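The values are calculated or read from the model by the stated rules, or taken from the named source; none is laboratory data. None of the values given here were measured: they were computed from a predicted structure. Heads up, the Cβs are rebuilt from the backbone with ideal geometry, glycines too, and the neighbour counts pull from every protein chain shown. Ligands, DNA and RNA are excluded from the accessible area calculation, which covers all protein heavy atoms including side chains. Shrake-Rupley method; radii C 1.70, N 1.55, O 1.52, S 1.80 Å.
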Amino acid sequence: MSQKNNIDENTTITRPNLTVVGVGASAGGLEALQSMLSNLPTDTNMAFVVAQHLSPSYKSMMVDLLEKGSTIPITSAINNEVLEPNHAYICPPNFNIEITSGDRISLISYPETRRTPRPSVDMLFESIASVKGENAIGIILSGTGSDGSRGIRAIKGENGFGIVQDPKDAKYDGMPNSAINSGNVDLIVQSTEIGTELKNIMHFPRRRSVDNENAISRDTYNGIINILKKQCKVDFTLYKENTIVRRIDRRMTSLRIHDTDMYLDHLKGHPEEVSLLFNDMLIGVTSFFRDARAFDRLDRELSNYILNKETKELRIWCVGCSTGEEPYSIAIILSQILGDKISDYKIQIFATDIDKHAIEFARNAIYPESALQNLPKPIRDKFFLVNDDQFELTKAIKSHVIFSVHDINNDPPFLRLDLITCRNLMIYFTVELQRQILPTFHYALNPKGILMLGQSESIGVFQEQYRPLSKTSKIYEALFVGKQLPPERKSSGIRKKAIDYKEQSITESPRRTKLNEEFSNIISQTLKEFVLPNAMLINENQDIIFTEGENKLLVRPSGLPTNNIFKNLHPQLSIDLRSAFHQLHTGKDIANTGFQSFNLDGKDVWVKLILISIKREGPLGSLILIFSQVEEPVNIPVLPEGNQDTSNQAVLVEQQRLLLKTKEQLQNVIEELETSNEEMQSMNEELQSSNEELQSSNEELETTNEELQSTNEELQTAYAELRMAYEEREHQRTELEALRNNLQHTNSLLEDAEKSAKMGSWLWDIPTRKIDWSNGCYQLFGLDKKVFHPSYEAFIGLAQDHYRGLLEEQLTNLLHNRASQPFIFEAYDRNKKTIIISLEAVVSFNDLKQAERVMGTMTDVTESIMSEREQTIYKDKISYILNSSLNAACVIDLKTMSVDYINAEFQKLLGYSLESLIPFKDEQFFELIDQKDQEKFRSVIQTVIDSKPGQATPSSYKISLANEEGTVPVYANHTIYELDENTLAASKILITLFSSKI
């Protein structure tokens, strides 16, 4: 027994280093697979899982054909089997194949009707991407259609690798070209070269960070980011570096470039590579109702929100919508919530992404069946239409969603929103960028608006702006915090980052650095505790964002809550504080209010505020740190030493200080007024210039208005005509829709009737020799209508050998109106099992008495025919036994109460022949029994009727002899001989008897 068969099925084996290669192929895939497998290295340490489109009607020989020239073992996949390295597993027919945790195979049957080929390559690739992450590789070989294009996007989204057979090398280039056009392919090679490329991928060095050993240098990294920003107009500076490095690493692997500086030079000389790298950056994975529990909770929260909303307008923003599944999911939820009332609402769902290819795909709203695999059937049936082998969302859902290319990092947000969804996007951003985006979302949302994040995301430090509605589903409510200003969007420049890193490159020994930090902390802690114990942080809006220590100078104002420093600080300090703010705005780094006499808690004290400007980047912007210094009068040296008249001199010095401070404040006010006056003068000149331009524009608009009025009249006429045509078209569409629904209902009833009756209908058009079958006919023979195409020859070929000539003769006789019906023949189903078919038909003739059309039915009569045959054999056996028996025997028909059969011993014992017993029926039958025993005989007959088949009822009585020669006593056994087909009650009784006369 092999090692893999000894593994416990319930054991989960974790092998993170095992790379799983998914291979998808369709038409022409056999040749491509043979070329690939025959040139595979034997030491790749990869497991290969093959999804080749196969017909479900016939037994596959794929494994036998491939293993002849393969360099590695090939087996047919078995459910729950653990993958082994350097092995290939072929998906059997009638199954989809997926990979589950523990590197196990999962085979999934699909009993319901499917419209796409099987097994699904998309489902295989998506499962490998989910389980293996960056250890996933997808390969697409020859085939028609687009299966695999969506799955290879999922693999790329998890930092895996995508390989496609060169369309020129493929027998059918549909699947390879579809994958290439999706922009998610790393390598395009011939099938014979795939093995070599796989080995190169496994041995290529991987980089995981910046500025570490065997990593990308900071200068090279910044250079790559600069090129992307310049050519693609997107700044990746604040994206997580590890994510960017993995994308760069994958492109270097596909190009076989080992040195990062060489790759930077390659980018500079090849603009197309910049586009490929940019596309790699944008790959996202999404699905309809991703995380169903979160969407169930969103459904409930939206229902409550809409119930309490005063207006009938809903504005929703889906950030990072990718290929559109998420905004369409929300549109479906709204349709289910509002029902028939949805037409009363103005719904706008803004779906944005920086990937214009994904936006174009989403606008089409056409998805493969694999994208709908987890959707409930009622949703698929209600909101999707079948479009060839794909599914298209209904027009009602599409009309609510507006797609647009939008960069959340730079572009302004949509406003007055009721819901924002930003799921699994911020995980790619640094904390700095996240802290810019969350205030932007709060600014864009209406009060009590809803924010939905991904499972790995949170609101972080913004607890005052959001209230959690569901912590598990990451759904939050925007809180009202008063009048808001648009949050400033600041991003750290790349050059600034580079400078910071260079400054940090001067390093000290770890021990020295640790001591410096410890001493610095001691000094800072001591200063905070004894010198300046009170501190406040103020943002650029002059709001308090943080306080430390007990500060008695702060007061809480009445009315609506606010964090403005001037509303919360003692009014006596406001004028001096404004003056200090002005000093900081003129460029000073530090300013103070000077000491001011103050009464605090009934004590006279001197108070001074010290302001320090803090320049920083990030979402909080520049800050101002305010320390408050409170001193008792004895600690303030207001007089020079040796002065005798201390009281008057102290008052004089204090008055001079206040006068000087007032002059400074007055000077600040004058400067501010002069600056404001200059700005007003400049604005006045600009307004005059603008007024002149507006006058000129007004004249042009007057002329344009006259032209528009003329055009408007023409448009009104055209609109009325179009409206009439549209209404007529809508009326026709409604009628066609009703007819289509009726036809679908009728077809459904016909299919159900055919299925229950085990029958199907068929039509033979004589001039064209075309034969059409209903679904019932395909079900009779177990055939797939996509594979089997009915024709005269194919129909004859279904019959067993000795019936084919008879079937052809029957069809010929039908055309000449001399056939006897029904015609019974034996045939084979898909599994080579014999079935018996009853064929009946009606022929239509033209005016020349020539057959034009044959319409008929086929019914599976296997069970009834086999039952009749078995019953006949059974009766023949019984007859043989009775005729060979030494005991007399007869069969009584209970319906006519007459003798149906006698054997020779019966005639010998009693002298009756079967013909002589014909008159004895109904009540006359009992005249055969002695008059004294007739009631006893009736009781015996009733007992037998009530008994079970095979149960014998013994008795004794006298039977009259023929020719009135007296009676003869007999011992008899009575048992059921035959049951009624409809009621299953006894219809005939068998009596075996022998004379008891000694």
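Quick check on ASP829: is it open to solvent by less than 60 Å² (accessible area, probe 1.4 Å) and within 55 Å of the chain's Cα centre (by Cα)? The answer is yes for ASP829. Of all the residues in the stretch 771-790, those that are without any contact (Cβ under 8 Å) to a residue 24 or more places away in the chain and not in a strand (DSSP E or B) number 4.
How many residues are open to solvent by 90 Å² or more (accessible area, probe 1.4 Å) and either in contact (Cβ under 8 Å) with a residue 24 or more places away in the chain or out of contact with any strand residue (DSSP E or B) (no Cβ under 9 Å at 6 or more places or on another chain) (or both) when one looks only at the stretch 856-872? Matching residues across the stretch 856-872 total 3. What number goes with the only condition from (1) in contact with a strand residue (DSSP E or B) (Cβ under 9 Å, 6 or more places away or on another chain); (2) at pLDDT below 90; (3) more than 29 Å from LYS786 (Cβ to Cβ) that GLY157 does not pass? Tallying (1) in contact with a strand residue (DSSP E or B) (Cβ under 9 Å, 6 or more places away or on another chain); (2) at pLDDT below 90; (3) more than 29 Å from LYS786 (Cβ to Cβ), GLY157 fails exactly one: (1).
Got at least one residue in the stretch 913-922 being without any contact (Cβ under 8 Å) to a residue 60 or more places away in the chain and part of a strand (DSSP E or B)? Yes; the residues of the stretch 913-922 include at least one that is without any contact (Cβ under 8 Å) to a residue 60 or more places away in the chain and part of a strand (DSSP E or B).
Looking across the stretch 541-566, the residues that are open to solvent by 80 Å² or more (accessible area, probe 1.4 Å) and of a type outside the set (S, T, N, Q) come down to PHE546, GLU550, LYS552, ARG556, LEU560, PRO561.
Looking at the stretch 338-451, the strands (runs of 3 or more DSSP E) lying wholly inside it that each contain 1 or more residues that are crowded, with 18+ Cβ neighbours inside 10 Å and in contact (Cβ under 8 Å) with a residue 24 or more places away in the chain sit at 346-353, 366-368, 390-393, 401-405, 417-422. The C-beta contact set for the stretch 582-605 (first residue loosely packed, with under 12 Cβ neighbours inside 10 Å, second residue among the charged types (D, E, K, R), distance under 7 angstrom, 6+ apart or interchain) comprises ASP601/LYS552.
Answer yes or no: is there a residue in the stretch 199-213 that is modelled with pLDDT of 80 or more, among the polar types (S, T, N, Q) and part of a helix (DSSP H, G or I). Within the stretch 199-213, one or more residues are modelled with pLDDT of 80 or more, among the polar types (S, T, N, Q) and part of a helix (DSSP H, G or I).
Residues in the stretch 32-75 that are assigned to a strand (DSSP E or B) and crowded, with 20+ Cβ neighbours inside 10 Å: MET46, ALA47, PHE48, VAL49, VAL50, ALA51, GLN52, ILE74.
Run down GLU713, GLU793, GLU728 and say which single residue is in the same structural domain as VAL854 (by the TED database), exposed (fewer than 11 other Cβ atoms within 10 Å of the Cβ) and part of a helix (DSSP H, G or I). Answer to the selection: GLU793. Only one entry in GLU915, GLU964, GLU927 is more than 28 Å from GLN871 (Cα to Cα), more than 60 Å from the chain's Cα centre (by Cα) and loosely packed, with under 12 Cβ neighbours inside 10 Å, namely GLU964. LYS168 meets the conditions (1) in contact (Cβ under 8 Å) with a residue 40 or more places away in the chain; (2) surrounded by fewer than 19 Cβ atoms within 10 Å (Cβ to Cβ) in every case but one. The failed one is (1). Just give me the residues in the stretch 883-904 being free of Cβ contacts under 8 Å to residues at least 60 places away in the same chain and in contact with a Ser or Thr (Cβ under 9 Å, 6 or more places away or on another chain), in sequence order. TYR901, ILE902, ASN903 - these are the residues of the stretch 883-904 that are free of Cβ contacts under 8 Å to residues at least 60 places away in the same chain and in contact with a Ser or Thr (Cβ under 9 Å, 6 or more places away or on another chain).
Take the conditions closer than 20 Å to ALA179 by Cα and at pLDDT below 90 and apply them to LYS377. Does it pass? Answer is no for this residue.
Quick one: would you say THR975 is in a strand (DSSP E or B) and hydroxyl-bearing (Ser, Thr, Tyr)? In short, yes. Quick check on my filter: what residues within the stretch 299-321 are open to solvent by less than 30 Å² (accessible area, probe 1.4 Å), in contact with a helix residue (DSSP H, G or I) (Cβ under 7 Å, 6 or more places away or on another chain) and part of a helix (DSSP H, G or I)? Hits for the stretch 299-321 are LEU302, ILE306.
Just a yes or no: is a residue in the stretch 407-419 modelled with pLDDT of 90 or more and among the hydrophobic types (A, V, I, L, M, F, W, C)? For the stretch 407-419, residues modelled with pLDDT of 90 or more and among the hydrophobic types (A, V, I, L, M, F, W, C): present.
Evaluated against (1) closer than 14 Å to VAL970 by Cβ; (2) out of contact with any helix residue (DSSP H, G or I) (no Cβ under 9 Å at 6 or more places or on another chain); (3) at pLDDT 90 or above, ASP893 falls short on exactly one condition, (1). For the residues LEU276, LEU338, the requirement of being under 19 Å from THR421 (Cβ atoms) and in contact with a helix residue (DSSP H, G or I) (Cβ under 9 Å, 6 or more places away or on another chain) singles out LEU338. Restricting the stretch 171-198 to residues that are acidic (Asp, Glu) and at pLDDT 85 or above, the residue that is least open to solvent (accessible area, probe 1.4 Å) is GLU197. Residues of the stretch 118-127 include none that is within 25 Å of GLY28 (Cα to Cα), in contact (Cβ under 8 Å) with a residue 24 or more places away in the chain and open to solvent by 50 Å² or more (accessible area, probe 1.4 Å). Put simply, of LYS948, LYS908, LYS936, LYS921 the only residue that is in contact with a Phe, Trp or Tyr (Cβ under 9 Å, 6 or more places away or on another chain), surrounded by fewer than 19 Cβ atoms within 10 Å (Cβ to Cβ) and of a type in the set (Lys, Arg) is LYS936.
Let's see how each residue does on (1) under 25 Å from TYR172 (Cβ atoms); (2) open to solvent by less than 10 Å² (accessible area, probe 1.4 Å); (3) outside the structural domain of LEU40 (by the TED database); (4) touching a Cys at 6+ places or on another chain (Cβ under 7 Å):
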site: GLU84; (1), (2), (3), (4): no, no, no, no
site: HIS87; (1), (2), (3), (4): no, no, no, no
site: ASN96; (1), (2), (3), (4): yes, yes, no, no
site: ILE108; (1), (2), (3), (4): no, no, no, no
site: GLY138; (1), (2), (3), (4): yes, yes, no, no
site: SER149; (1), (2), (3), (4): yes, no, no, no
